[in-house]
Amino acid sequence: MQLDEHPMSKGIVIFAYNSKLDYVSIATIAARLAKKQLKLPVTLITDTEEVDYTVFDNVIIQQSNSRGQRIFKFANRTERTVWHNQNRSNAYELSPYDQTLLIDADYLMFNNSLAGLFDTDLEFACYDQVHELTGWTNLQSSARVGDPGIHMQWATVVYFTKCNLAENIFSFMQTIKENYSYYSGLYNFSMELFRNDYTLSIALQVLTGYSQDNFTQIPGTLITANTPVEIAEVRPNGEIVFVWTNRDGNKNITKVTNTNVHIMNKDSITNPAILGQLEALA
């Protein structure tokens with residue numbers, strides 16, 4: 001039997017551009033956890049060479065082409081900062097892998113459930129269901145692009161292969177980005193904040209014949225900890241303890257174990273104590 005001389009390359013890609021928030025440090029933790037769980041190389045796309053090259057297998061230097069503003073509402077303050085998030089549509093052309101898992105810098109993996117994507121015949125996949133782990137907000141009920149809107153597809157985690165379908169999706173996302181004001185009017189959403197979730201959702205809807213359903217979803221639900229939710233402790237057994245204050249002003253605790261989580265509270269990840277606990281776990 002003749003062996004395949006050119007096996008498919010597999011890897012993870014993370015975009016990280018610093019502002020007031022140290023996204024590169026956050027991406028470094030995300031990369032360590034992802035490598036531990038999936039045993040795959042990680043490529044970082046950033047605009048700085050101040051990177052821990054012992055963590056990343058490949059670093060691509062690309063300047064950010066956006067300087068949008070985002071307001072982050074943390075547990076004890078609100079902060080407006082520059083947000084570099086408009087390069088994601090370049091992921092197809094920049095990824096060095098035949099099979100790519102594209103994740104947000106603040107998506108932390110504590111299990112290997114996403115490894116199975118690389119063994120499927122899917123050419124493109126993303127989450128179309130979301131759950132806020134504390135019940136702070138019902139993200140799924142409001143997960144729409146515009147008003148009345150179309151169903152949201154989440155760009156937080158995207159799997160794709162080098163194929164025509166994925167190339168067309170990312171190319172269309174680029175077109176939407178370049179004509180964001182037009183699409184904001186067409187789909188009736190505010191253009192104040194650029195969102196990759198919106199460009200992905202619109203691209204998938206159009207390319208699938210204006211269907212309301214994602215024909216290529218990642219199984220399961222995107223678990224998210226909203227910005228008012230803080231990491232209180234990362235335990236050696238993999239249990240993550242979150243604290244949050246409800247609308248009555250009462251402190252609450254939510255615990256998860258072996259669960260991948262999108263952490264919206266960036267301060268929480270870069271807290272020195274939490275950072276050290278995450279590094280120990282990774």
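The values are calculated or read from the model by the stated rules, or taken from the named source; none is laboratory data. Remember, it's a predicted structure, so these values are computed and weren't measured experimentally. SASA here: full protein model, heavy atoms, side chains in, ligands and nucleic acids out. Shrake-Rupley method; radii C 1.70, N 1.55, O 1.52, S 1.80 Å.
When you look at L117, is it at pLDDT 95 or above, open to solvent by less than 40 Å² (accessible area, probe 1.4 Å) and either closer than 28 Å to K20 by Cα or not hydrophobic (A, V, I, L, M, F, W, C) (or both), yes or no? Steps first, please.
On the way: at pLDDT 95 or above: yes; open to solvent by less than 40 Å² (accessible area, probe 1.4 Å): yes; either closer than 28 Å to K20 by Cα or not hydrophobic (A, V, I, L, M, F, W, C) (or both): no.
No.
Tell me which residues, restricted to the range 160-190, are open to solvent by 40 Å² or more (accessible area, probe 1.4 Å) and basic (K, R).
The one that is open to solvent by 40 Å² or more (accessible area, probe 1.4 Å) and basic (K, R): K162.
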